[in-house]
Amino acid sequence: MSYLLHIDSSSLGEASVSRQVARSFRGQWQGPVVHRDLAASPVPHLTAAGITARDTDPAQHSPEQAKAQALQDELIGEFLGAGAYLFTVPMYNLSMPSAFKAWLDQVLVTERTFTHHGASPAAGRPALLVSARGGSYAPGAPREGLDYLVPTLETVLGHEDLLGLDVTTVTPELTMAPHAPALASLLPLHEASMTAAHDHARALATAFVARAA
């Protein structure tokens, strides 16, 4: 069985709701795991050296380009070697944590992880995206339409012209309800969202094991 690539990006550590739901998935996962915690060990943001190294003969690389290329090779090899994926990407200011964006920019490389003339090498592999958020952005909610995170990641991770993964998204909502008195009336909705998220994550783990075998 190929391994599960588990990418964490929340800065909250054990208090992170996204990470808690991911633990429910991991509790049901049967197989090897490669775990990268981007909060504990951030990936550098993409630099000019990293961009130009992609189109420069390795024999002509500067020391900076060689170092940047080595990092990209490591991350891309790690990504392509996986048979399934678990991403925890909470909503920060309507979008993703910068640590996850940095990882994406290093991994998303044309003719390596995606092409303009066919499927990605990782196309069709199952992926779970867990994205907790303090409020709700569901249809009918006051902030409907302000979620710039899930649509972006579902496109980058799942579009057939990009990474092409088979993405399922779980969004535990209203995580501020236990902490903000103004949201106390929404606590039952938060608790229901949490229960559904954990149950869904466990079920997906079982399904992913079969697909990644």
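The values are calculated or read from the model by the stated rules, or taken from the named source; none is laboratory data. Source: prediction; values computed, not measured. Heads up, the Cβs are rebuilt from the backbone with ideal geometry, glycines too, and the neighbour counts pull from every protein chain shown. Accessible surface is based on the protein model in full, side chains and every heavy atom, while ligands, DNA and RNA are left aside. Shrake-Rupley method; radii C 1.70, N 1.55, O 1.52, S 1.80 Å.
Of the candidates A122, A132, A127, the single residue that is of a type in the set (G, A, S), over 29 Å from S193 (Cα atoms) and at pLDDT 95 or above is A122.
For the stretch 90-124, the candidate set comprises residues that are of a type in the set (F, W, Y) and open to solvent by 10 Å² or more (accessible area, probe 1.4 Å); within that set, the residue that is nearest to Q72 (Cα to Cα) is F114. Out of the residues in the stretch 17-48 meeting the condition of being in contact (Cβ under 8 Å) with a residue 60 or more places away in the chain, among the β-branched types (V, I, T) and closer than 21 Å to A201 by Cα, tell me which one is surrounded by the fewest Cβ atoms within 10 Å (Cβ to Cβ). Out of the qualifying residues, it is V17.
Kindly provide the set of residues from the stretch 67-107 that are without any contact (Cβ under 8 Å) to a residue 60 or more places away in the chain and among the polar types (S, T, N, Q), ordered by number. Of everything in the stretch 67-107, those that are without any contact (Cβ under 8 Å) to a residue 60 or more places away in the chain and among the polar types (S, T, N, Q) turn out to be Q69, Q72, N93, S95, S98.
I51 falls short on exactly one of the conditions (1) among the aliphatic types (A, V, I, L, M); (2) in a helix (DSSP H, G or I); (3) touching a residue at least 12 places away in the same chain (Cβ under 8 Å), and that condition is (3). Take the stretch 136-179 and flag every residue that is surrounded by fewer than 18 Cβ atoms within 10 Å (Cβ to Cβ) and without any contact (Cβ under 8 Å) to a residue 24 or more places away in the chain. Residues satisfying the conditions are P139, G140, A141, P142, R143, E144, G145, P151, T155, H159, P178, H179. Considering only the stretch 158-190, state which residues are modelled with pLDDT of 95 or more and part of a helix (DSSP H, G or I). Once the filter is applied, which keeps residues that are modelled with pLDDT of 95 or more and part of a helix (DSSP H, G or I), the stretch 158-190 yields only G158.
When E14 is tested against (1) in a helix (DSSP H, G or I); (2) surrounded by 13 or more Cβ atoms within 10 Å (Cβ to Cβ); (3) out of contact with any strand residue (DSSP E or B) (no Cβ under 7 Å at 6 or more places or on another chain), just one condition goes unmet, and that condition is (2). For the stretch 1-11, filtered to residues that are within 21 Å of L153 (Cα to Cα) and open to solvent by less than 60 Å² (accessible area, probe 1.4 Å), the residue that is farthest from the chain's Cα centre (by Cα) is L4.
Please work out if Q60 is of a type in the set (S, T, N, Q) and touching a helix residue (DSSP H, G or I) at 6+ places or on another chain (Cβ under 8 Å). The answer is no for Q60. Scanning the stretch 92-111 for residues that are within 16 Å of D37 (Cβ to Cβ) and assigned to a loop (DSSP other than H, G, I, E, B) returns M96, P97. Evaluated against (1) buried (at least 17 other Cβ atoms within 10 Å of the Cβ); (2) out of contact with any Ser or Thr (no Cβ under 9 Å at 6 or more places or on another chain); (3) of a type outside the set (D, E, K, R), A127 falls short on exactly one condition, (2).
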